[in-house]
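First comes the structure, then the notes that go with it.
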Amino acid sequence: MPATVLTAQALLLDMDGTLVNSDAVVERCWRQWAVEHGLDPEAALKVVHGRQGYATMAVLLPDRPMEENHADNRRMLAQETADIAGVVPIDGAPAFMAAIAELPHALVTSADTALATARMGAAALPMPAVRVTAEQVGASKPDPEGFLKGAAELGFDAADCIVFEDSEAGIAAGRAAGMRVVGVGPRAAALAPDAHVEDLTRVRVEAAEDGSIRLHIDEA
(Lines give C-alpha, C1' and ligand atoms only; values in the text may rest on other atoms or scores of the structure.)
Protein backbone atom coordinates (compact mmCIF):
# COMPACT_ATOMS: atom_id res chain seq x y z
CA MET A 1 0.00 0.00 0.00
CA PRO A 2 1.47 3.42 -0.95
CA ALA A 3 2.05 5.90 1.86
CA THR A 4 -0.62 8.47 2.66
CA VAL A 5 0.74 11.99 2.35
CA LEU A 6 -0.69 14.77 4.53
CA THR A 7 0.47 18.37 4.40
CA ALA A 8 0.29 20.84 7.28
CA GLN A 9 1.83 24.04 8.57
CA ALA A 10 2.11 22.84 12.16
CA LEU A 11 1.80 19.69 14.27
CA LEU A 12 0.01 19.37 17.62
CA LEU A 13 1.12 16.40 19.68
CA ASP A 14 -0.59 14.59 22.51
CA MET A 15 1.83 13.00 24.97
CA ASP A 16 0.55 9.84 26.72
CA GLY A 17 0.01 7.02 24.24
CA THR A 18 1.26 9.18 21.37
CA LEU A 19 4.85 10.11 22.24
CA VAL A 20 5.20 8.35 25.58
CA ASN A 21 4.00 4.91 26.66
CA SER A 22 2.84 5.52 30.23
CA ASP A 23 0.14 2.86 30.28
CA ALA A 24 1.78 0.94 33.13
CA VAL A 25 1.67 3.95 35.47
CA VAL A 26 -1.80 5.01 34.40
CA GLU A 27 -3.18 1.55 34.98
CA ARG A 28 -1.50 1.20 38.38
CA CYS A 29 -2.83 4.51 39.64
CA TRP A 30 -6.33 4.26 38.22
CA ARG A 31 -6.86 0.65 39.23
CA GLN A 32 -6.08 1.65 42.81
CA TRP A 33 -8.40 4.67 42.62
CA ALA A 34 -11.23 2.58 41.15
CA VAL A 35 -10.96 -0.06 43.88
CA GLU A 36 -10.94 2.63 46.57
CA HIS A 37 -14.22 3.96 45.18
CA GLY A 38 -15.93 0.63 44.67
CA LEU A 39 -15.66 0.69 40.89
CA ASP A 40 -14.70 -2.00 38.39
CA PRO A 41 -11.08 -1.22 37.44
CA GLU A 42 -11.47 -2.64 33.93
CA ALA A 43 -14.48 -0.43 33.25
CA ALA A 44 -12.63 2.58 34.65
CA LEU A 45 -9.62 2.03 32.41
CA LYS A 46 -11.83 2.27 29.33
CA VAL A 47 -12.47 5.99 29.96
CA VAL A 48 -9.29 7.30 31.62
CA HIS A 49 -7.15 7.86 28.52
CA GLY A 50 -6.99 11.35 27.05
CA ARG A 51 -8.94 13.21 29.72
CA GLN A 52 -7.78 15.17 32.71
CA GLY A 53 -8.29 13.19 35.90
CA TYR A 54 -11.17 15.26 37.25
CA ALA A 55 -13.05 14.79 33.98
CA THR A 56 -12.57 11.02 34.14
CA MET A 57 -13.85 11.03 37.72
CA ALA A 58 -16.91 13.00 36.65
CA VAL A 59 -17.71 10.32 34.08
CA LEU A 60 -17.22 7.47 36.54
CA LEU A 61 -18.90 9.15 39.54
CA PRO A 62 -21.43 11.51 37.95
CA ASP A 63 -23.16 12.38 41.23
CA ARG A 64 -20.02 13.29 43.14
CA PRO A 65 -19.34 17.00 43.81
CA MET A 66 -16.80 18.37 41.36
CA GLU A 67 -14.66 19.87 44.12
CA GLU A 68 -14.00 16.33 45.36
CA ASN A 69 -12.93 15.33 41.85
CA HIS A 70 -10.49 18.24 41.68
CA ALA A 71 -9.06 17.36 45.09
CA ASP A 72 -8.60 13.73 44.04
CA ASN A 73 -7.11 14.87 40.76
CA ARG A 74 -4.41 16.86 42.56
CA ARG A 75 -3.46 13.79 44.58
CA MET A 76 -3.45 11.59 41.48
CA LEU A 77 -1.22 14.02 39.59
CA ALA A 78 1.32 14.00 42.41
CA GLN A 79 1.22 10.20 42.54
CA GLU A 80 1.65 9.81 38.78
CA THR A 81 4.44 12.40 38.66
CA ALA A 82 6.40 10.44 41.27
CA ASP A 83 5.88 7.11 39.49
CA ILE A 84 7.88 6.86 36.27
CA ALA A 85 8.60 3.13 36.39
CA GLY A 86 7.93 1.65 32.97
CA VAL A 87 7.58 5.02 31.19
CA VAL A 88 9.22 4.66 27.78
CA PRO A 89 9.00 6.37 24.38
CA ILE A 90 6.54 5.12 21.81
CA ASP A 91 8.46 3.29 19.09
CA GLY A 92 9.82 5.84 16.64
CA ALA A 93 9.21 8.83 18.93
CA PRO A 94 12.88 9.85 19.35
CA ALA A 95 13.48 9.96 15.59
CA PHE A 96 10.13 11.66 14.98
CA MET A 97 10.87 14.39 17.54
CA ALA A 98 14.33 14.91 16.03
CA ALA A 99 12.77 15.24 12.57
CA ILE A 100 10.35 17.98 13.66
CA ALA A 101 12.73 19.83 15.97
CA GLU A 102 13.02 22.85 13.68
CA LEU A 103 9.41 22.71 12.44
CA PRO A 104 6.35 24.32 14.04
CA HIS A 105 4.96 21.97 16.67
CA ALA A 106 3.46 22.02 20.14
CA LEU A 107 2.66 19.58 22.91
CA VAL A 108 -1.03 19.55 23.89
CA THR A 109 -1.53 17.29 26.87
CA SER A 110 -4.01 16.63 29.64
CA ALA A 111 -1.05 16.32 32.03
CA ASP A 112 0.05 19.27 34.09
CA THR A 113 3.52 20.75 33.61
CA ALA A 114 5.15 18.66 36.35
CA LEU A 115 3.75 15.39 35.02
CA ALA A 116 4.55 16.24 31.41
CA THR A 117 8.12 17.14 32.38
CA ALA A 118 8.54 13.92 34.36
CA ARG A 119 7.24 11.66 31.61
CA MET A 120 9.01 13.34 28.69
CA GLY A 121 12.19 13.22 30.75
CA ALA A 122 11.73 9.55 31.65
CA ALA A 123 11.25 8.77 27.97
CA ALA A 124 14.32 10.90 27.08
CA LEU A 125 12.27 13.02 24.67
CA PRO A 126 12.79 16.77 24.15
CA MET A 127 10.09 19.00 25.61
CA PRO A 128 8.62 21.21 22.86
CA ALA A 129 9.14 24.94 23.38
CA VAL A 130 5.42 25.49 22.87
CA ARG A 131 3.16 23.43 25.10
CA VAL A 132 -0.38 23.54 26.38
CA THR A 133 -0.77 21.68 29.66
CA ALA A 134 -3.64 21.16 32.08
CA GLU A 135 -3.03 24.44 33.89
CA GLN A 136 -3.63 26.43 30.72
CA VAL A 137 -7.11 25.20 29.80
CA GLY A 138 -10.48 25.48 31.44
CA ALA A 139 -11.90 22.35 29.83
CA SER A 140 -10.45 18.87 29.35
CA LYS A 141 -10.37 16.95 26.09
CA PRO A 142 -12.69 16.11 24.30
CA ASP A 143 -13.17 19.89 24.42
CA PRO A 144 -11.03 21.43 21.63
CA GLU A 145 -9.69 24.29 23.78
CA GLY A 146 -6.19 22.88 24.17
CA PHE A 147 -5.65 22.25 20.47
CA LEU A 148 -7.05 25.65 19.53
CA LYS A 149 -4.68 27.30 22.01
CA GLY A 150 -1.77 25.34 20.63
CA ALA A 151 -2.54 26.44 17.08
CA ALA A 152 -2.93 30.05 18.20
CA GLU A 153 0.39 30.03 20.06
CA LEU A 154 2.10 28.70 16.95
CA GLY A 155 0.34 31.31 14.82
CA PHE A 156 -1.58 28.99 12.49
CA ASP A 157 -5.22 28.41 11.62
CA ALA A 158 -6.79 25.21 12.91
CA ALA A 159 -7.29 23.87 9.39
CA ASP A 160 -3.54 24.12 8.79
CA CYS A 161 -2.67 21.90 11.78
CA ILE A 162 -2.48 18.13 12.13
CA VAL A 163 -3.07 16.48 15.51
CA PHE A 164 -1.33 13.29 16.66
CA GLU A 165 -3.53 11.46 19.19
CA ASP A 166 -4.18 8.00 20.61
CA SER A 167 -7.43 8.29 22.58
CA GLU A 168 -11.11 8.70 21.87
CA ALA A 169 -11.27 11.93 23.86
CA GLY A 170 -8.20 13.34 22.13
CA ILE A 171 -9.32 12.44 18.62
CA ALA A 172 -12.73 13.97 19.34
CA ALA A 173 -11.00 17.14 20.56
CA GLY A 174 -8.91 17.38 17.41
CA ARG A 175 -11.95 16.95 15.20
CA ALA A 176 -13.92 19.51 17.22
CA ALA A 177 -11.05 21.95 16.67
CA GLY A 178 -11.42 21.50 12.91
CA MET A 179 -8.09 19.73 12.54
CA ARG A 180 -7.02 16.56 10.78
CA VAL A 181 -5.96 13.73 13.05
CA VAL A 182 -3.32 11.04 12.80
CA GLY A 183 -4.26 8.25 15.20
CA VAL A 184 -1.39 6.48 16.94
CA GLY A 185 -1.54 3.01 18.47
CA PRO A 186 -4.23 0.41 19.11
CA ARG A 187 -6.76 2.67 20.88
CA ALA A 188 -6.97 4.91 17.83
CA ALA A 189 -7.47 2.15 15.28
CA ALA A 190 -11.26 1.94 15.64
CA LEU A 191 -11.86 5.69 15.87
CA ALA A 192 -11.58 6.54 12.15
CA PRO A 193 -8.84 9.19 12.27
CA ASP A 194 -7.73 10.69 8.97
CA ALA A 195 -4.76 8.31 9.07
CA HIS A 196 -3.70 5.62 11.52
CA VAL A 197 -0.30 4.17 12.43
CA GLU A 198 0.70 1.51 14.93
CA ASP A 199 3.59 3.68 16.10
CA LEU A 200 5.76 6.59 14.97
CA THR A 201 8.18 4.42 13.01
CA ARG A 202 5.46 4.56 10.35
CA VAL A 203 5.73 8.35 9.89
CA ARG A 204 8.36 10.09 7.77
CA VAL A 205 8.60 13.87 8.04
CA GLU A 206 9.62 16.08 5.11
CA ALA A 207 10.13 19.84 5.32
CA ALA A 208 8.87 21.26 2.02
CA GLU A 209 10.49 24.22 0.28
CA ASP A 210 7.36 26.35 0.81
CA GLY A 211 7.64 25.93 4.58
CA SER A 212 4.94 23.32 4.91
CA ILE A 213 5.32 19.92 6.56
CA ARG A 214 4.70 16.75 4.57
CA LEU A 215 3.92 13.62 6.49
CA HIS A 216 4.45 10.34 4.68
CA ILE A 217 2.36 7.85 6.60
CA ASP A 218 2.64 4.12 6.14
CA GLU A 219 -0.72 2.74 7.28
CA ALA A 220 0.06 -0.83 6.19
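The values are calculated or read from the model by the stated rules, or taken from the named source; none is laboratory data. Computed from a prediction, not measured in an experiment: that's the story for all the values here. Cβ sites come from the backbone with ideal geometry, for glycine too, and all protein chains shown count toward neighbours. Just so you know, the surface numbers come from the protein's heavy atoms only, side chains and all, with ligands and any DNA or RNA stripped out. Shrake-Rupley method; radii C 1.70, N 1.55, O 1.52, S 1.80 Å.
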Open item on the list: Using protein chains only and a probe of 1.4 angstrom, how many square angstrom of Leu103 are accessible, to the nearest 10?
Closed with: 30
- [ ] For the chain, report the accessible area per residue in Å² (1.4 Å probe, heavy atoms, rounded to an integer).
- [x] 43
Open item on the list: List the trypsin sites (Lys or Arg not before Pro) within the range 1-93 that DSSP assigns to loop and that have no more than 16 neighbouring Cβ atoms inside 10 Å.
Closed with: Lys46
TODO: Return the calculated 222 nm mean residue ellipticity for the chain, to the nearest 500 deg cm²/dmol, obtained by summing -39500 (n - 2.57) across DSSP H runs with n ≥ 4 and dividing by the residue count.
DONE: -10500 deg cm²/dmol
Open item on the list: I need the GluC sites (Glu not before Pro) found in the range 163-220, filtered to DSSP loop residues with at most 16 other beta carbons within 10 Å of theirs.
Closed with: Glu209, Glu219
Task: Modelled label reach - Glu206, point 7 Å along Cα→Cβ, the range 153-190 residues with backbone N closer than 18 Å - done: 162
TODO: Choose one answer from Asp83, Asp157, Asp166: the residue with the largest mean-square fluctuation in a GNM of the chain with alpha-carbon springs under 10 Å.
DONE: Asp157
